1. In nanometres, what is the gap between the two model label sites at A:R345 and B:K61, each 7 Å from Cα along Cα-to-Cβ?
2. For region B:2-228, state the average projected area of the convex hull of the C-alpha atoms over all orientations, rounded to one decimal in nm².
3. I want to make sure I understand the PRE zone here: with the label point 7 angstrom from the Cα of A:E373 toward its beta carbon, which residues in region A:294-321 have backbone N atoms less than 17 Å away?
4. Take the Cα coordinates of region A:238-306, assign each an equal point scatterer, and use the Debye formula without solvent to give log10 I(q)/I(0) at q = 0.12, 0.26 Å⁻¹.
5. Expressed in whole Å with the largest first, what are the equivalent ellipsoid semi-axes of chain A derived from the C-alpha gyration tensor as the square root of 5 times each eigenvalue?
6. Over the alpha-carbon set of region A:262-383, divide Rg by the Kirkwood Rh and report the Rg/Rh ratio to two decimals.
7. Select from region B:161-225 those GluC sites (Glu not before Pro) which occupy a DSSP coil region and have at most 15 other Cβ atoms within 10 Å, ordered by residue number.
8. Across bins of 10 angstrom width beginning at 0, how are the C-alpha pair distances of region A:302-374 distributed, in whole percent?
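The values are calculated or read from the model by the stated rules, or taken from the named source; none is laboratory data. Please read all numbers here as calculations on a predicted model, not as lab measurements. So basically every Cβ, Gly included, is an ideal-geometry build from the backbone, and we count neighbours across all protein chains shown. Quick note on the areas: whole protein, heavy atoms, side chains included, nothing else; ligands and nucleic acids left out. Shrake-Rupley method; radii C 1.70, N 1.55, O 1.52, S 1.80 Å.
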Amino acid sequence: MTAPAEGTSLRIGIIGPTRIGKTTLVNTLLRAGETAFEQTDVRMRWADHMTERKILEQRAELEGWRLSKQFNPGALRGTDDAFVFRFVLETGFGGLSMRLDAMDYPGGLVNPAHRLGREAEWEECRAFIANSTVLVVPADAAMLMETAGDENRHHLPAILTTPEIEDVARDWARNRHQHRHEPALAIVCPVRTESYFADNGGRRDRSDELLEHVREVYRDVLKVIRAEAPATRIHYCPVDTVGPVEFLSARWLPDVAGGHPHFSAKYRVRRRPDGHPPEISTAGIDDVLVLLARHLIDLRHRELDVTARHHRTSANDWAAQAVQDLGAMRNVWNTVSGKRRKARRMAEAKRLEAVSAEEQVSGLAGQLLRLAELGLGPRHREL
Amino acid sequence: MRTHVLTRGVGADYRFLGSVPATRWWQEFRQLTSFERPTLLVHRHAEGWELYASAVPTERKDRMETVIRMSLVLSASEFVEEDADLVLALVGEWLAGAEPSPGRLGTLLDERFPAEDTEELLAGSGPDNDEEVAGRVRAALAQLRDESPADDGEAETILAESWAGAVTDAVVRSSFVRRVRSMLNADACGWAVQLTLAGAEDVGAHHAQQDEPLVALVNERIPGGWIELAPKAVRRRRPGTVVIWTIAVATAIVIGLITWVVHVWQPVVPAGSR
């Protein structure tokens, strides 16, 4: 089981190139975790001060955009060094909670041409992702949509580092296949999707087109996951991380060093009729959260189920020892020496542990049911 | 003084303009600070000192209109007075106000690293650039030093070996600068760090896991301005069972030998004395 032992954490592996929005996605996830699941008592929150402050730092930048009515996805600082966001998922049952880690890292490390001298760092990130229970692949929706029919579209694999993502996804999938008795979850998350859905202030619904582009550009990544870990459920969850913004224009900038050109998108802030600053309004992130919570609680549920069975078997074995007929002499000796009393005591202790674990199993099953009832939004698809 | 500069271009991702430092030693603090924000780390050890100053904003922007940052990694194995002066000018400027900031350093580095030159250095990044990069950084630091006000030399200072203090407190900041001076002069060793994420408690937990003295500036209100950090608890190992048994057996053998010598090997008494 990759379900966590006491004091250890489950991992979420995020794989994507530089400036794709990994940090923003984690941030949005945590913000949503504070308020989602209201009917279930399931909560996701930060687990240490550093994670809390890191999230507040970026939140302040987002608020700055909102108030200044200037939106620029690049205005968020990139990531210079790896940082592990630490979360707690409260299952909402019996005080059971699970530690969850997500590693954020400079996306430049994904590209071998950009990681000169930082190979050891990349190996650490790669190992973290490979050993994660969930794989998240963020994708830049504007880049996928606005380059259709463009002569520079052939640069997408290099810019989005899809061959490198494929390699990492292969490692992850192989690792998951080794734990094939556990559920495996991969989520493809297009981000900056505000202009392609009409459910969050957008004017046009181009969601089918976006899905097709994701399927096309990430085809080999999806293929390798299916081939190496056929039991993996691959979900598609497009996410608006900001809300009131609209894609305006895009251009390709030449690379001064003669490499691949760079895609640069401009956005405008949607005005509110009353003239007040727009509100940050995310969409689609609840689907990611529900999938994560279901997956993690399911893992914990399976782990506890195994524990409960183990305790129950052990209780039965001790109970059998307590009444076992070994012949008159040994029966008398076992009674006099206290062996039978000890067996009865152990049987009772194991029975109580089994009952407690079974209660948790049943409680978590209830929470899983409630999470299943929450359902997933209309943006979600299974790939 | 060895000098490394980390920055990016319009397209090129963050990388060192010259050679890459042998280790990314500053990562020891990666869970306690955002290196994307101004962070200052100074480390003094047996082989010399090293400094990491991160996220100095430049006037350059990347393809996504993001302000490009510059980070400096300086190190030396020997004390050179001029280098120490330059480093102290950087640290003094960094901590001149209640909010840590590179201050004038950003402008001075921009003057020495204009966009076109930086793109060129990035395109050919490698050890061949080391001398040029070091020269430009040195020139920027020298100008900063020349513009810096002289140290008053009389300020109150914190004497504890390890402490965490609020960065908003002027006494705490001046004590930090003095500690850095002692470290450069090899009068003190350990860490002097200014962090963006960690609070005093987090720093205390980190310190409890390591052996070196640590002074830290944190973004947190601390009653009295600072708190002393407890040294790493030294665990006294209790002697193991094997040791106890070895001692017991050895004692028994020695006693046995003495008894045997006394009873079996009787002293020879001269006949005439009976």
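1. Reported label-point gap for A:R345 and B:K61 is 7.5 nm.
2. Working: hull surface 47.6 nm².
Dividing the Cα hull surface by four gives the mean projection, 11.9 nm².
3. Backbone N within reach: A:294.
4. -0.64, -1.07
5. Listed largest to smallest, the semi-axes of chain A are 48, 23, 18 Å.
6. Details: Rg = 28.1 Å, Rh = 19.7 Å.
A ratio of 1.43.
7. Working: sites: B:E161, B:E201, B:E220; in loops: B:E161, B:E220.
Of the GluC sites (Glu not before Pro), the ones in loops of region B:161-225 whose Cβ has at most 15 other Cβ atoms within 10 Å are B:E161.
8. Pairs per bin, as whole percents: 21, 33, 21, 14, 7, 3, 0.
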